[in-house]
Amino acid sequence: MIMVDVQAGADAIAGRPTVAEAAEQGARLVDLWPLTSAEHLANDAKYAEDLQVRISMVLAQLMTGEDVTIPDAEYVYEGAEDIPGRPQDLVDALMAANDAIEAASQAQDDQSRMLADLAETLGSGWDQARRQDVVAGAAKAEQSLDDRNKSPESPQNKEGVAQALAMGLEICRDLLQRAGADPDHAAAAAPVLVYVNELNERLGIPRAFLSDEDVVRALKVLDDPQAFADLLAPLVGAEWDHHRQEVLWDPEEAKRKAKEDDERKSREALQAKFAHVPEDPNKPPVEL
């Protein structure tokens, strides 16, 4: 299968409004680094754990076609090897998903080979020809990254984030096509999703999250680069906004806002309760 050059494809979508908007969201997040506050560092670590739980849930859904829940994923992330009342194949899929995510995050050399290992761990259903084609595509992507000569440690403005996001999206689309992923074979997408999240780190942009429904929708538009980018870029941008909010979360400020919201709701409820009572023109005003 002959695919479009990923660099050319990335250049074609980098200027799209959806990609530009997501890039602004990404630039705001990247601008927080390096984190120096202990609270922010702890918040980011908590976000990373939550992200792995959510991603493992989606991978297990794609692998099994079953309804996997966040509590299922949390139990397995915390070390459970069986869950009372839940199918064992679901638990096994969650364990495989966590193994794949952790192995990918620790891989150093030969990223394309790492993708083949992910396919084995996640039971993607790729035959030998598919595996060779996907690995070849990943090797081509690695070369594209080398040609860009981008350093993940360097600061990124919104234009840089847009270019990196466009590259990640186009590599993702190319590899999904090579893997033979489609709405009827969504499990074939699982290794690619893990690989591309690690690729994002190398591109200097944060990881993203897609639900299983998002993945299936994306698999329906693989042949249309612009539709693929317009579908996924806003989802990536929304996740980056969520990541930023989680990093900056202040428990004391949250308590203050919660108290203000409770007081406002109490005032509104009191006003609604006595809304039917006619006003006495001679009664002095009362502060609620």
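If I go through region 10-41 residue by residue, how many of them are in a loop (DSSP other than H, G, I, E, B) and over 14 Å from residue 236 (Cβ atoms)?
So the first thing to find is which residues in region 10-41 are in a loop (DSSP other than H, G, I, E, B), and the list is 14-16, 31-37.
If we keep only those that are over 14 Å from residue 236 (Cβ atoms) too, we end up with 15, 31-37.
Qualifying residue count, region 10-41: 8.
Candidates 137, 125: the one that is open to solvent by 50 Å² or more (accessible area, probe 1.4 Å) and either touching a residue at least 12 places away in the same chain (Cβ under 8 Å) or of a type in the set (S, T, N, Q) (or both) is 125.
Scanning region 74-111 for residues that are open to solvent by 60 Å² or more (accessible area, probe 1.4 Å) and either among the basic types (Lys, Arg) or at positive phi (or both) yields 85, 86, 110. If you check residue 59 against the conditions, is it in contact with a His (Cβ under 9 Å, 6 or more places away or on another chain) and either in contact (Cβ under 8 Å) with a residue 60 or more places away in the chain or surrounded by 15 or more Cβ atoms within 10 Å (Cβ to Cβ) (or both)? Considered against the rule, which asks whether it is in contact with a His (Cβ under 9 Å, 6 or more places away or on another chain) and either in contact (Cβ under 8 Å) with a residue 60 or more places away in the chain or surrounded by 15 or more Cβ atoms within 10 Å (Cβ to Cβ) (or both), residue 59 comes out as no. Would you mind stating whether residue 234 is open to solvent by 40 Å² or more (accessible area, probe 1.4 Å) and closer than 29 Å to residue 67 by Cβ? Spelling it out, residue 234 is indeed open to solvent by 40 Å² or more (accessible area, probe 1.4 Å) and closer than 29 Å to residue 67 by Cβ. For residue 31, the stated conditions do not hold, so it cannot be described as of a type outside the set (A, V, I, L, M, F, W, C), within 26 Å of residue 177 (Cβ to Cβ), over 15 Å from the mean Cα position of the chain (by Cα) and open to solvent by 50 Å² or more (accessible area, probe 1.4 Å).
For residue 59, indicate whether it is part of a helix (DSSP H, G or I) and out of contact with any Cys (no Cβ under 9 Å at 6 or more places or on another chain). Answer is yes for this residue. When residues in region 237-266 are screened for being more than 22 Å from residue 174 (Cα to Cα) and surrounded by 12 or more Cβ atoms within 10 Å (Cβ to Cβ), 13 of them pass.
Residues considered: 44, 67, 117. Of these, the only one that is farther than 23 Å from residue 236 by Cβ and surrounded by 14 or more Cβ atoms within 10 Å (Cβ to Cβ) is 117. Take the conditions (1) open to solvent by 60 Å² or more (accessible area, probe 1.4 Å); (2) within 30 Å of residue 125 (Cβ to Cβ); (3) touching a residue at least 12 places away in the same chain (Cβ under 8 Å); residue 6 misses just one of them, which is (1). Listed conditions (1) within 20 Å of residue 239 (Cβ to Cβ); (2) modelled with pLDDT of 95 or more; (3) not hydrophobic (A, V, I, L, M, F, W, C) are all met by residue 183, apart from (1). Does region 193-208 include one or more residues that are of a type in the set (A, V, I, L, M, F, W, C) and more than 26 Å from residue 45 (Cβ to Cβ)? Within region 193-208, not a single residue is of a type in the set (A, V, I, L, M, F, W, C) and more than 26 Å from residue 45 (Cβ to Cβ).
The values are calculated or read from the model by the stated rules, or taken from the named source; none is laboratory data. Remember, it's a predicted structure, so these values are computed and weren't measured experimentally. Note that we place each Cβ from the backbone using ideal geometry, even for glycine, and neighbour counts take in every protein chain shown. Heavy atoms of the whole protein, side chains included, go into the accessibility calculation; ligands, DNA and RNA do not. Shrake-Rupley method; radii C 1.70, N 1.55, O 1.52, S 1.80 Å.
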